[in-house]
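The structure appears below as structure tokens.
Only the coordinates and a few stated rules stand behind these numbers; no lab work does. Every value quoted in this text rests on a predicted model; they were computed, and no experiment measured them. Virtual Cβ from ideal backbone geometry, glycine too; neighbours counted across all protein chains shown.
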Amino acid sequence: MTISKNVNSAKKLQHPQCYISVPSDIITTLSSTHLNSLIDTPKKTAAVAKVSLFSRFKILVKSPKIFCFLLLFVCGLFVMLKMLCSFDPFGSYPCGNSVDEKSDLVVFGKGVVDGNNDKKGVKKMSEFWVQPDGLGYRPCLDFSNEYKKVSGEILKDRSKYLVVVVSGGMNQQRNQIVDAVVIARILGATLVVPILQVNVIWGDESEFADIFDVEHFKKTLADDVRIISSLPSNHLMSRPVEEKHTPLHVSPQWIRSRYLRRMRREGVLLLRGLDSRLSKDLPSDLQKLRCKVAFHALRFAPPIFELGNKLTERMRSKGPYLALHLRMEKDVWVRTGCLPGLSSKYDQIIYNERKSRPELLTSRSNMTSHDRKLAGLCPLNAVEVTRLLKALRAPKDARIFWAGGDPLGGKEALLPLTKAYPYLYNKQDLALPGELLPFANKASIMAALDYIVSENSDVFMPSHGGNMGRAIQGHRAYAGHKKTITPNKRQMLSYFLDPKLSEAKFNKIIYDLHRDSMGQPVIRTSKSDHDVTKYPIPECMRNDTMVQRPL
């Protein structure tokens, strides 16, 4: 459900600029002598300047009305600057949240985007960079008094311990870590820092501390869940209760009834394969906890954090930039049951791989590749991404950061995109010699760098759904609804396949289809399907001045 507002917000700036309005009667009281003093020649001595300044101050003191007016003006100016220019979505909370301001996740950069700059000699910025109207929504994690009361009892408990093993790529691991914290809270258990399973596809042996800031993770959640780095010695030899087959979308009641009694008896519970095991429809406090973990506690380790921000600065050095998450790797084409559309040679490669390993296919097997594409189940290839960007009026000189693995077909697969948009870079292009060397063969850390640069971008667009696209969409919403384009593949692809459409008509149709898919605030109405970490309104964001209404 999208929230709209009938205002001319297309020319709003992402950052407010502060202007001071001075009453005309003050201006008219300034004599030519006062004005000339602003352009005095260097020949005047410092002593003369001091005497002049002191005499003016005495005049102000002798004139109470002027002195009081100026005092009120300065105070008002200070308050105005504080309100307009210093809002930090990850700092103080409008609803009085107790999260320590210093513990908040800070990986977000806001681009300075001016869509209404027509001063002489300054190039007008393309409307493509203009940000959506966030309608005043801000982070708000106001936990209930009951939640806070129970927290004290949970943090004192030393009888129950939860050990979790998370799997998959970095973004899949993030989702499972979020759920692990919530499950520990549901059970009133101490959480052992999650164990990352060795990734069998990429051979990545990274541990939690290699990717995330462990101390920040513990400190941020210190009021919610007790977290320790390893099991106490008296539990090391105990045999934990192990659960490998938790059903999908289980409720807090199911978790308590299934595990609590055994956990009290054995002391330790070991969970594997948490992906999508916890219900997305949770009580309000647990939803807020999910946001707290995803948006505040899971900060990347300092070396990743610092390098990611350096790459961001290099992308932004010449203005705003777009981040594309391109899903064109070989394994993606195999798993989705789609064809890359490069040539018959590459189509045959995908067909052979899928035939030899049918278990890799994650889409519906009774659909042809063409049917999957029309249903919006396939990643966009470089031709389709290029046509979409043109229709959405991305300028030809747009700087583009592309995240993701090497596409099937290499640079040849990206040619349609690089011809239309030559300023295309990935992390390898931006990094200085040797900067990525410490992270060689660390797929999760490379994904984390992509995450930071993409999240910091002025505009973000994924070519296909997935864990990273969903996570970044939620992060950008929570950071103030930064522009995020969600390709409407199901509705638009039939027009891509229509050769009779003129380019102008095609562009208009595609542009109109995406008017409400630019990162505007969306209320999470489907509680069972939509994750709060993708749609943080209304549980984790609030706007007390606006009336929410569906479209």
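Ratio of Rg to Rh for region 200-269: 1.02 [Cα atoms; Kirkwood radius as inverse mean 1/r over pairs]. Between residue 242 and 270, the built amide H atoms are under 5 Å apart, and every one of these is 5 or more places off in sequence or on another chain. Applying the Karplus relation 6.51 cos²θ - 1.76 cosθ + 1.60 with θ = phi - 60° to region 224-232 yields 3J(HN,Hα) values of 10, 9, 7, 10, 10, 7, 8, 5, x Hz, where x marks Gly and Pro. Couplings 3J(HN,Hα) of region 539-544, computed from phi: 5, 10, 9, 9, 9, 6 Hz, in residue order, whole Hz [Karplus 6.51 cos²θ - 1.76 cosθ + 1.60, θ = phi - 60°; x for Gly and Pro]. The H on the amide N of residue 131, modeled in the peptide plane, is under 5 Å from the matching H of 14, each at least 5 residues off or on a different chain. Rounded to the nearest 20 debye, the dipole magnitude of region 145-297 is 740 debye, with +1 charges on Lys and Arg beta carbons, -1 on Asp and Glu beta carbons, and the Cα centre as origin. Neighbours of residue 445, meaning other residues whose beta-carbon lies under 9 angstrom from its beta-carbon, give a summed charge of -1 when Lys and Arg score +1 and Asp and Glu score -1.
Whole-percent P(r), region 184-329, all Cα pairs, 10 Å bins from 0: 9, 29, 36, 18, 7, 2, 0. So what are the ³J(HN,Hα) numbers for region 422-436, from phi and the Karplus equation (6.51, -1.76, 1.60; θ = phi - 60°), rounded to whole Hz, Gly and Pro as x? Per residue, the Karplus-derived 3J(HN,Hα) values read x, 8, 10, 9, 10, 5, 5, 5, 7, 6, 6, x, x, 5, 8 Hz.
For region 216-289, the set of chymotrypsin sites (Phe, Trp or Tyr not before Pro) satisfying both a DSSP loop assignment and a count of at most 14 other C-beta atoms within 10 Å is empty. Close amide H pairs (under 5 Å, H built 1.01 Å from N) link residue 300 with 213, residues at least 5 positions away or on another chain.
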